[in-house]
1. Right, S166: hydroxyl-bearing (S, T, Y) and surrounded by 13 or more Cβ atoms within 10 Å (Cβ to Cβ) or not?
2. Could you check how many residues of the stretch 81-92 are at pLDDT 85 or above and buried (at least 20 other Cβ atoms within 10 Å of the Cβ)?
3. Going through R36, R51, R66, R106 one at a time, which residue ends up being surrounded by fewer than 20 Cβ atoms within 10 Å (Cβ to Cβ), outside any loop (DSSP other than H, G, I, E, B) and either modelled with pLDDT of 90 or more or at negative phi (or both)?
4. Report whether or not L18 is at pLDDT 90 or above and at negative phi.
5. Is it fair to say T82 is closer than 26 Å to A41 by Cβ and assigned to a loop (DSSP other than H, G, I, E, B)?
6. Report, by residue number, each residue of the stretch 109-142 that is part of a helix (DSSP H, G or I) and touching a Cys at 6+ places or on another chain (Cβ under 6 Å).
7. If I ask for residues that are under 13 Å from H62 (Cα atoms) and more than 14 Å from the chain's Cα centre (by Cα), which ones from the stretch 84-133 would you list?
Amino acid sequence: MFSVDLDSVLVELVDSVLSIKDAQSDDERSRGLYVRVLISASTPLSSDEERPIRKVVHKWMHFLFRRDYGSTNVWVFTSDNTWFPIIDSWKNTSNHDSCWRSDGIRSPIWAEYFKICKEVDQGAAPISLESRCNIEKVEIVRITARYNDDFGDGRNRCDVTEIARSTV
C-alpha cells in the first residue's frame, strides 16, 4: 500500500506559497490560499454475492490559509459538492503559528475521515475500508478577516469577511 499524508502536503504547500516573514504589509497579509480536497471511503471490491454493491461516500473539504504577522489563520468548510463556500460557512480552526498544522489541518481532516468511514460501514474499522484523497484545486485568493473574542474562553476567533478570487 502506498500512502501520502495529506496534512503534510498541505503544510508544505502553505509554507511554499505564503511567506511568514513577508506577512507584514497589508497586501501580503491579505494574500491567501484556497485548497479544495476530495476525501472518500468505500467498501472494498468484493466477489461476495451477498455484498455485490459497493458503498462509496465522499466529501469535499475546502481550506483557506492566510499569514498575519507571523501567525497562520486556517478556515475549513466541508460539503457534499465542489461549490465555493459562502462567507458565513467558513469555520476558523486556527489563528496561531504554534499549532495551525494540527488544530487547523490535521484534526479537521481526521475528524471528517472518521465520519465518512462510519457512513460507509458503521461496524467496520477504517483500515478495512478503501480510502483516498485528491487535491482538486489550489488557488491564490485575497482574504479580508476580522478578529472576535467570542469563543468565551479567552481565545480569539477570526471571521472571514471577504474573499476575492482570481479571474484567471
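The values are calculated or read from the model by the stated rules, or taken from the named source; none is laboratory data. None of the values given here were measured: they were computed from a predicted structure. Backbone-built Cβ (ideal geometry, glycine too); neighbour counts: all protein chains shown.
1. Working: hydroxyl-bearing (S, T, Y): yes; surrounded by 13 or more Cβ atoms within 10 Å (Cβ to Cβ): no.
So S166 does not fit the description; no.
2. 2
3. On the way: R36 fails: surrounded by fewer than 20 Cβ atoms within 10 Å (Cβ to Cβ); R51 fails: outside any loop (DSSP other than H, G, I, E, B); R66 fails: surrounded by fewer than 20 Cβ atoms within 10 Å (Cβ to Cβ).
Sole residue among the options that is surrounded by fewer than 20 Cβ atoms within 10 Å (Cβ to Cβ), outside any loop (DSSP other than H, G, I, E, B) and either modelled with pLDDT of 90 or more or at negative phi (or both): R106.
4. On the way: at pLDDT 90 or above: no; at negative phi: yes.
So L18 fails the test.
5. On the way: closer than 26 Å to A41 by Cβ: yes; assigned to a loop (DSSP other than H, G, I, E, B): yes.
So T82 passes the test.
6. Within the stretch 109-142, the subset part of a helix (DSSP H, G or I) is 109-120, 126-128.
Listed by number, the list holds a single entry, P126.
7. Taking the stretch 84-133 as the starting set, the residues that turn out to be under 13 Å from H62 (Cα atoms) are 84-87, 89-93, 104-105, 108-109, 112, 133.
I86, I87, listed by residue number.
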